[in-house]
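The structure appears below as structure tokens.
Just so it is clear, none of the values below were taken in a lab; they were calculated from the coordinates. Since this is a predicted model, take the numbers as computed values, not measurements. Neighbour counts run over all protein chains shown; Cβ positions are idealised from the backbone, glycine included.
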Amino acid sequence: MSVAAGPAIDHRQPVIKALDFDEHGFLRDPKKWSRNIAKRIAEMDDVGPMTPDHWAILYSLREHYFANNTAPLMASVCRTAHLPKYAVHSLFGGCRRAWRVAGLPNPGEEATTYMT
Amino acid sequence: MAKADFEVPELKEYIEVPEIVEGTMAHSKPFYAAPQHNTDLGFPGELVDNWQEKALEKMDDLRKRYRSFQVYLDSCVKCGACTDKCHYFLGTSDPKNMPVARQDLLRKVYRRYFTLPGKYFPNLVGAVDLTKDVLDEWYSYYHQCSQCRRCSVFCPYGIDTAEISMAAREIMDSVGVGQKYCNEIIAKVFKIGNNLGLPGPALADTLEGLEEDVFDDTGVAVKYPLDKKGVDILLITPSADFFAEPHVDGLIGYGKVFHEAGVSWTLSSKASEAANFGMFIGSYENMRRVSLRIREAALELGVKRIVFGECGHAWRVAYSFLNTLAGPFDFLDPNYPVPQHICEFTYDLLQKNALTLDKSENDDMTLTFHDSCNVARATRMGDKPGGQFEIPRAVIKAVCNNYVDMHHETIGEKTFCCGGGGGLLTDDLMEVRVKGAMPRMTALNNVIQDEGVTHMAAICAICKSQFTKVLPYYGMDMDQIVSVHQLVSNAIQLTRKTEPETPGEVEGAEAASETDTDAEE
């Protein structure tokens, strides 16, 4: 489990170098996300190797985010992805990491507090 | 075990009073609020030019508005009874985290400007000028107090340290020095309706998902209604209940209890938050503004009762202040407590044998209960003294076979704070949160080792979230913290196969409402 501040960003990687992360390690503009970027962030965060289930979670997360402009209940994300209730944790080791790999922006003080 | 860039206290058999280490937590301070978040709350965006003058004006205003505040500043005799009662002192060893010393950071300024000896002989009475260094020290140490009021239990004068911390934060806010976590969140409540910033459609989406989950699990269509008019009960619950584990499992439990009770109920997208961080920053005006949403929602929805979900400080605001902040609630049914706690609601049903429960559903756990500070020391439940301790335990024992209390010096009115209350539940204060959790972790570890406890239940969103993050630092598992109504949810057998009717929606509405009352009486 990572502590306090967001994970370190390896700016030497060309794909990552071109991106704009905030001080907590979240991508500022979720539209600048691609599968390639997701793979690079996942590598940085020791997530993976990426499987179809990982992608299902990421797409579900992004779908929920763009529908309501907010962080959803992770169980709902898993349901939309047709995966077990705790899949976000088992696949990504926590919803904060999944959120980051999904290229979504900082969901705010309280949401990050409740994200594990 | 979670990684930490600070030293995590070692758990020993007993909670030892540490040797003091001067200034060891002087570096700790939360992020400052952005100007926008301060102004949203009616405070100056940034430190004002004449901040000393303004701060002293505010202190003068507060001592005149709240007689208690001045009494607390005047009456401390430095007896030392509080020194080793604070979890932050026990966990950090910083002498300024002794409640008396933390209070004195403000008291010595009060003495300098508002007492005769302080005005003329400041050095003799330990009075100091209000300088920028003093203000910075306030910002650091008044954000190392969770306003839990454990020290007050032991104070022979009954000095309420929380009130001093609240006043200090209010003075700082009034000169433009706000804390990011609290102020950003309060602004979000005003803007969107809850701390998490979940808009109505997101709530509806989540609740629909819960209905599907419960139906899949039980085969019964338990409803989780939003903004439904004309129902009996408005449920006000922390927005964490819509967002994260184990909170949401508690919400599932409330819905099942209402379903079995045969009462109609709803959540509100306008008042989709029980929490009231206005209290943490000591701001009456903001606390009132947050509270008024509940009144407005209750009136708009035409409910007869208000029930609060599992949230510690929200229950303090609700139980102790709601009537003066947002009352009178003369439009609610006077036959029920205004407001009522969900534990009281469930307990009433237990007294009437109105729930069918299978305790063996929780046999995979041995439970203990963490009394949350605000519930324990600032409120009550039921109609007997100590109900706030007895009722949650009675609910747990009714749904679980295996229950053990932690050491008696660490529960009840002497309960240790989780370490994250009072507006400190932010990642930028992780060090003080982890260290401040040491006394509670010690007591928990002892019952884990000696009694085979596997899980700890709580009725506060902050406590649950704090433990979820802090338990791994002490080598425990984040899943070991559970909601009380999660346990109820596991054990409850759904005997009513259809949704309770909403009075007024169907013919014979009176009959329906009578049935509801019967079910509870």
- Average other protein chain Cβ within 10 Å of Cβ, residues B:188-194: 1
- If you wrap a convex hull around the Cα atoms of the protein assembly as shown, how much volume per residue is inside, in Å³? 151 Å³
- Note on the structure: Eigenvalues of the alpha-carbon gyration tensor of chain B, times 5 and square-rooted, give semi-axes in Å, largest first, of 40, 27, 20
- Message: From Cα pairs below 8 angstrom and at least 6 apart in sequence, can you work out the relative contact order of chain B, rounded to a whole percent?
- Response: 19 percent
- Which whole-angstrom value gives the distance between the alpha carbon centres of the stretch B:1-76 and the stretch A:70-116? 32 Å
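So for the stretch B:195-327, what percent of the C-alpha to C-alpha distances run longer than 19 Å?
47 percent
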- Estimate the FRET efficiency between B:ASP364 and B:THR131 by the formula 1/(1 + (r/R0)^6), using the beta-carbon distance for r and 60 Å for R0, to the nearest 0.05. 0.55
- Query: So how tilted is helix B:284-301 from the main axis of chain B? Cα-based, degrees 0 to 90, rounded to 10.
  - Reply: 10 degrees
- Task: Starting from the Cα of B:VAL21, move 7 Å in the Cα-to-Cβ direction to define the label point; list residues of the stretch B:85-99 whose amide nitrogen is under 16 Å from there.
- Result: B:88-98
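Which FRET efficiency, nearest 0.05, do B:THR218 and B:ASN50 yield, Cβ-Cβ r, R0 56 Å?
0.35
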- May I ask you to order A:60-71, B:91-102 by the average number of other C-beta atoms within 10 Å around their residues, highest value first? B:91-102, A:60-71
- Message: Going by amide H atoms built from the backbone, whose H comes under 5 Å of the H on B:TYR403, apart from near neighbours?
- Response: B:LEU367
- Query: With labels modelled as points extended 7 Å from the Cα through the Cβ direction, what inter-label distance (nm, one decimal) is found for B:GLN351 paired with B:GLN449?
  - Reply: 4.1 nm
- Message: What would the Debye equation give as log₁₀ I(q)/I(0) for the stretch B:253-338 at q = 0.18, 0.21, 0.22 Å⁻¹, counting only Cα atoms as equal point scatterers?
- Response: -0.80, -1.07, -1.17
- Message: Need the full-extension length gain, B:GLN493 to B:THR115, defined as separation in residues times 0.36 nm minus the C-alpha distance. One decimal, nm.
- Response: 129.7 nm
- Query: Going by a ≥ b ≥ c, the root eigenvalues of the Cα gyration tensor, does the stretch A:38-87 fall in the rounded group (a/c under 1.5), the prolate group (a/b larger than b/c) or the oblate group?
  - Reply: oblate
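Calculate for chain B the 222 nm mean residue ellipticity that helices alone would give, adding -39,500 (n - 2.57) per DSSP H run of length 4 or more and normalising by residue count, nearest 500 deg cm²/dmol. If you can, show how the numbers build up before the last one.
Details: 23 runs with 241 residues, N = 521.
After summing the helix terms and dividing by the residues of chain B, the value is -14000 deg cm²/dmol.
Can you tell me, using C-alpha contacts under 8 Å and at least 6 residues apart, the relative contact order of the stretch A:30-114 as a whole percent?
36 percent
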- Whole-angstrom Cα spans of the stretch B:309-438 along principal axes, big to small: 46, 42, 25
- Task: Would you work out the relative contact order for the stretch B:77-172, in percent, from Cα pairs under 8 angstrom that are 6 or more residues apart?
- Result: 28 percent
- Item | Free-standing Cys residues across the protein assembly as shown, given no other cysteine C-beta under 4.7 angstrom | A:CYS78, A:CYS95, B:CYS76, B:CYS79, B:CYS86, B:CYS145, B:CYS155, B:CYS182, B:CYS311, B:CYS343, B:CYS400
- Message: Give me, ordered by chain and number, the residues 5 or more places off B:TRP265 or on other chains with an amide H under 5 Å from its own placed amide H.
- Response: B:ASP232, B:ILE233
- Would you kindly calculate the translational diffusion coefficient of the stretch A:30-114, applying Stokes-Einstein with the Kirkwood radius from alpha carbon pairs, for 10 °C and a viscosity of 1.306 mPa s, and quote it in µm² s⁻¹ without decimals? 126 µm²/s
- Binned at 5 Å from 0, what are the whole-percent values of the Cα-Cα distance distribution for the stretch B:107-251, short to long? 2, 8, 11, 13, 13, 11, 9, 8, 8, 6, 5, 3, 2, 1, 0, 0
